[in-house]
1. Pick out the one residue from PRO305, PRO315, PRO331 that is open to solvent by less than 60 Å² (accessible area, probe 1.4 Å), at pLDDT below 95, not in a helix (DSSP H, G or I) and not acidic (Asp, Glu).
2. Could you check region 688-729 and list, in sequence order, the residues that are open to solvent by 50 Å² or more (accessible area, probe 1.4 Å) and of a type outside the set (S, T, N, Q)?
3. Can you tell me how many residues within region 365-397 are within 17 Å of LEU191 (Cβ to Cβ), open to solvent by less than 10 Å² (accessible area, probe 1.4 Å) and either aliphatic (A, V, I, L, M) or assigned to a loop (DSSP other than H, G, I, E, B) (or both)?
4. Of the conditions (1) modelled with pLDDT under 90; (2) under 26 Å from the mean Cα position of the chain (by Cα); (3) hydrophobic (A, V, I, L, M, F, W, C); (4) under 30 Å from ILE225 (Cα atoms), ALA101 satisfies every one except a single condition; which number is it?
5. Suppose we keep only residues that are in contact with an Asp or Glu (Cβ under 8 Å, 6 or more places away or on another chain) and closer than 22 Å to ARG143 by Cβ within region 413-444. Which one would you say is modelled with the lowest pLDDT?
6. Tally the residues that are open to solvent by 10 Å² or more (accessible area, probe 1.4 Å) and under 33 Å from the mean Cα position of the chain (by Cα), restricting the search to region 180-200.
7. Name the pairs whose Cβ atoms lie under 9 Å apart, with the first residue in region 537-561 and under 30 Å from LYS512 (Cβ atoms) and open to solvent by 10 Å² or more (accessible area, probe 1.4 Å), the second modelled with pLDDT under 95 and part of a helix (DSSP H, G or I), and 6 or more positions between them or separate chains?
8. Looking at region 563-596 only, could you name the residues that are surrounded by 13 or more Cβ atoms within 10 Å (Cβ to Cβ) and either without any contact (Cβ under 8 Å) to a residue 24 or more places away in the chain or basic (Lys, Arg) (or both)?
Amino acid sequence: MSRISRRQIHVAGIVQGVGFRPFVYKLAQELGLHGYVLNSSAGVTLEVEGADAEVECFVRRLRHETPPLAQIENLVIQTLPPAGYESFAIRESVDEPGRLAPVSPDVSTCDDCLRDFRGAGNRRHAYPFTNCTNCGPRYSITRKVPYDRPLTTMACFPMCERCLAEYENPADRRFHAQPNACPACGPALALAQGGELEKPLDFHGGLSEIRRVRQMLLDGRILAIKGLGGFHLACDAASAHAIRTLRDRKKRNDKPFAIMVPDTASAERLCSVSESARRSLESARRPIVILPCRPGALSLSELAPGNNTLGVMLPYTPLHYLLFSDTLAQPPAFSALVMTSGNISEEPIVTGNREAARRLHRIADAFLFHNRDIYTRVDDSVVRVFEGTERVLRRSRGYAPYPLRLNFPVAEILACGGELKNAFCLTKDHHAFLSQHIGDLENYETLVFFQETLARMQDLFRIQPQTVAHDLHPLYLSTKLALELEGVEKIGVQHHHAHVASCMAENGIVGKVIGVAFDGTGFGTDGKIWGGEFLVADFAGFERRAHFRYVALAGGDAAVREPWRLGLSYLLDTFGTRAESLDLPVWRHVPAKKVAVVRAMLERRINTVETSACGRLFDAVASITGLRHEVNFEAQAAIQLEAIAVAGLDEQYPFEISSGEPRQIDVRPAIESIVRDVLAGRPVGFIAAAFHNTVAAIVLEVCRRLRISDALHRVCLSGGTFQNLYLLERTVAGLRSGGFEVFLHAQVPPNDGGISLGQAVIANAALRS
């Protein structure tokens, strides 16, 4: 007779809201084991009792046969004396104060649910809120943990008998699916426009409302559509008039719009889709994927002016699929829809019905509402594929709030991040919880979003920070917020050190590295604006070993909006008084009086600050070549410079590196050569390519010198400038051919959306020193 054994198992990770308890139940039933399983605020706790061989088999299969959305981080197994269990039960959830259980991100519609709402005879046919344990809303509807229906925004929708039967049946894939619903008992739609916005909304609609919306879109109208984590503003991507109208109403002149296509085949007709990009497009996370656009496929000049790429995503809710067609057999009504964040530019995405009617009524012609509340706003994530690996540029829906697991313990810390593309970070145990994309902390609405998300994440993950890390820039809202907090230790962290530390933490690196941090701005320890930095760094500190030679930035933020000011600064720095005698496009574009004012500011150092930022160098070159003299969104000039650069060119421009400490990289020889090429009429695409090659060559040469002086061969690349794939590809290839080990970001954005992670691990090192 087999020996009876009993195991108690604590499972940590993404194990709530992903069908983990039904999986455990079915596995125990299959193996003839008794015991129980329950959700707790720390994860899942279970006990199994039975024949020793079957218990061992259970533990083995528990590790390797988990549901598709589950992610086990840790199993703690304890052997206990037999308890005499007579059955296996799923018990009520328990709350363990102070314990931490990660919450699942929102998940796109699974294939099974797709078949359900596409099936003509199915009771969920065309139901826009179809979901199961393998898909649907999670983070956006969760109020508290454990993840149970009464603690979500689905609490106000009592299940009908049929849905309840599914919910209570361990053999059903909707067993304990907390958002489970159907047309008889769940959320519904309401379509409103004009004066109807003043009346109470009648939530009864479904397919008929969606068909009306589809026709409005075909007629060139703009719709505000409530989705999973907020509203989208939608229009027909094939209608240039609709796109221009949306740009005009949203005050979004040139910034690219993302599009949603009905399927991968449609994406391939519009863009070049690699196998790696296909995996990202079709993943359960359903991010916006930046793809090379095929010529003539859509009006790229309207969707993404000055770009050769498009942001593309697939439908990720039943509602999205239904916007394109009623059934799979029916041809899609659109090749693509513009689906951009439902907000006024630079403000957070709108989530509430009344809020949308109030804030978006001057943009949208009509609104498609639903009555499932969004508790936490979550924008679409954005990724790009490099070297076959998905690289996150904006971490939000589908990714947040899943934590990064660090290879060292961390204290309970709040890291407030930077100003642009803000995302904060909370740490505890071995976890770093990056918030979803907050946005640019430049207005009251975004600050409120920051504060409400912080309060909710602290509550969800039971984190009470005793230490707050912040940027050194005294005028950032994130810094001011940190300094106003009471009863906590405050640690200031240099911006570019945080960039490098973020890359180190993501890649599990300890010890010193060469950190290359290129971006547009970051407050330096000398009070100047850094951004073209070579650091020898670890978590405990850094040495600034090289940087781009300083130039004057005239007019503060005005210089960022008007790259010609940077062009003028570099030209004066290179040519002196001869600069304005050169027959360059910038002098023909900018009025002479404006040039004279800015020149006087530079010469007299009035309202100027010195900068070493690589991003500002890209702005200057864009203006000097005549490509872009003003911008209306961040990095627009640099993006266009990347887009126009010709492939296959190895030529580069000269530069000099001083021998002092820190070394200074002098690009005046490069600027002189660029001007010579412009005057000779060389195509801007060739100049752009040679310039990119020059920046890559600078990185390699400085790293070679640091390897000699510091015996370091590991290089971490971080900062928004490395979102430029043309530059990144050449930089990485050069470093690897030079014998360096190169580390890049993947799941943490290289831009300022990732620096809060670096701030947190640096603060943690300071606490332990």
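1. Numbers: PRO315 fails: at pLDDT below 95; PRO331 fails: open to solvent by less than 60 Å² (accessible area, probe 1.4 Å).
Being open to solvent by less than 60 Å² (accessible area, probe 1.4 Å), at pLDDT below 95, not in a helix (DSSP H, G or I) and not acidic (Asp, Glu) holds for just one of PRO305, PRO315, PRO331, which is PRO305.
2. GLU701, ARG704, ARG705, ARG707, ILE708, ALA711, HIS713, ARG714, GLU729
3. 2
4. Result: ALA101 fails condition (4) only.
5. From region 413-444, those in contact with an Asp or Glu (Cβ under 8 Å, 6 or more places away or on another chain) are 416-422, 426-428, 436-437, 439-443; that's our starting set.
This time we only want the ones that are closer than 22 Å to ARG143 by Cβ, so: 426, 428, 436-437.
Details: LEU426: 98, LYS428: 94, GLN436: 97, HIS437: 97.
For region 413-444, the residue satisfying everything is LYS428.
6. Count: 5.
7. Cβ pairs passing all conditions: ALA540/ARG768.
8. Listed by number, the residues that qualify are ARG565, ALA579, GLU580, TRP587, LYS594.
The values are calculated or read from the model by the stated rules, or taken from the named source; none is laboratory data. Being a predicted model, the structure only gives us computed values, none of them experimental. Methodologically, a virtual Cβ is constructed for each residue, glycine included, from the backbone with ideal geometry; neighbour enumeration extends over all protein chains shown. For accessibility, only protein heavy atoms count, side chains too; no ligands or nucleic acids. Shrake-Rupley method; radii C 1.70, N 1.55, O 1.52, S 1.80 Å.
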